[in-house]
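Just below is one structure, and these are the notes that go with it.
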Amino acid sequence: MATIFHGLADDPARARSASDIAEYIRRAIASGDLAPNERLVEQDLARDLNTNRSVIRTAFAHLEQQRLLVREPNRGVRVRTYTAHEAVEILETRAALEGLVARCAALRIDDEGKAALLGIIGSMHACRDSGDLLAYSQLNTKLHRAILEIANHETATMLLSSLQSQAVRYQFRTVLQPGRIAQSLGEHEVIVQAIVAHNPDDAERTMRAHIGAVAQTVLAIGGKDLTALRAI
């Protein structure tokens, strides 16, 4: 676990709050450095994050409330896993929020934002052509983050930060489904086209349709071992 938080223990000594620690762990879950079902050990984290076990326990409590960690008798604390049904509920909620975000982005985008979104789409094309699914999925996340930054909607940003952490583990498996990467790229292209064209209605509609398609893919693979997925 030390490699996940490499360098943090060597930072200049300062008081790290439980909220700071919880954010480090949340980011590790979102990035996939901490996988579903992975066990977290207070003593190890206290060492790696240069803090004490009391702060770690408080951070754990924050993340349990956010449904990112779960504590079980005689098993300790581990990264929470989700059923396909739970994942779909998360995605349905995310669709409503990201639809709003896309609408706001279409109203607020400037030339710099347009260049950024079109550049990411170009890179996604290159990854699709080369078959680099890992890089494609990372660009997928980057595109959604860029749209969120352009939208500049603080409340949506706050709510999505938790939802994305929970749902992101399903992204890589959905991309692996036959034909899904081409469909995904097409969905992202029409979203970007609508935002760049300052068309808020189409931006919201296409974003909702995109995340709805992800939810349908999750349902289609729901009989497989979703709990073993690693976030990327």
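Taking the conditions (1) outside the structural domain of Ile147 (by TED's automatic domain parsing); (2) modelled with pLDDT of 85 or more; (3) surrounded by fewer than 16 Cβ atoms within 10 Å (Cβ to Cβ) in turn, Leu107 satisfies each one other than (1). Contact map, the stretch 141-153: residues that are over 10 Å from Val101 (Cα atoms) paired with residues that are at pLDDT 95 or above and of a type in the set (Gly, Ala, Ser), Cβ distance under 8 Å, separation 6+ or inter-chain. Pairs shown: Ala146/Gly113; Ala146/Ala116.
Residue pairs whose Cβ atoms lie under 6 Å apart, sitting 6 or more positions apart in sequence or on different chains, and linking a residue in the stretch 197-215 that is within 10 Å of Ala106 (Cβ to Cβ) to a partner that is at pLDDT 95 or above and basic (Lys, Arg), are Pro200/Arg103; Ala203/Arg103; Glu204/Arg103. The condition of being modelled with pLDDT under 90, touching a Leu at 6+ places or on another chain (Cβ under 9 Å) and of a type in the set (Gly, Ala, Ser) holds for only one of Ala15, Ala9, Ala59, that being Ala9. Of all residue pairs spaced 6 or more apart or on separate chains, those with beta-carbon atoms under 7 Å, a first member in the stretch 104-119 that is more than 16 Å from Asn199 (Cβ to Cβ) and a second member that is surrounded by 14 or more Cβ atoms within 10 Å (Cβ to Cβ) and of a type in the set (A, V, I, L, M, F, W, C) are Ala116/Ala146. Could you check the stretch 143-156 and list, in sequence order, the residues that are crowded, with 16+ Cβ neighbours inside 10 Å and not in a loop (DSSP other than H, G, I, E, B)? Within the stretch 143-156, Leu143, His144, Ala146, Ile147, Leu148, Ile150, Ala151, Ala156 meet the criteria. Could you please find all residues in the stretch 62-79 being over 14 Å from Tyr24 (Cα atoms) and either assigned to a helix (DSSP H, G or I) or free of Cβ contacts under 8 Å to residues at least 60 places away in the same chain (or both)? Matches in the stretch 62-79: Glu64, Gln65, Val70, Arg71, Glu72, Pro73, Asn74, Arg75, Gly76, Val77, Arg78. Out of the residues in the stretch 32-56 that are among the charged types (D, E, K, R) and under 24 Å from the mean Cα position of the chain (by Cα), state the one that is surrounded by the most Cβ atoms within 10 Å (Cβ to Cβ). Here the residue is Asp48.
Which one is farthest from Val79 (Cα to Cα), of the residues in the stretch 27-51 that are assigned to a loop (DSSP other than H, G, I, E, B) and of a type in the set (Gly, Ala, Ser)? Working first, answer last.
From the stretch 27-51, those assigned to a loop (DSSP other than H, G, I, E, B) are 32-38, 41, 49-51; that's our starting set.
Next cut, of a type in the set (Gly, Ala, Ser) only: 32, 35.
On the way: Gly32: 11, Ala35: 7 Å.
Among them, the one singled out is Gly32.
So Thr93 passes all but one of these: (1) in the same structural domain as Ile29 (by TED's automatic domain parsing); (2) part of a helix (DSSP H, G or I); (3) of a type in the set (S, T, N, Q). Which condition number does it fail? So the condition that Thr93 fails would be (1).
The values are calculated or read from the model by the stated rules, or taken from the named source; none is laboratory data. Source: prediction; values computed, not measured. Neighbour counts are summed over all protein chains in view; Cβ atoms, including those assigned to glycine, are modelled from backbone coordinates with ideal geometry.
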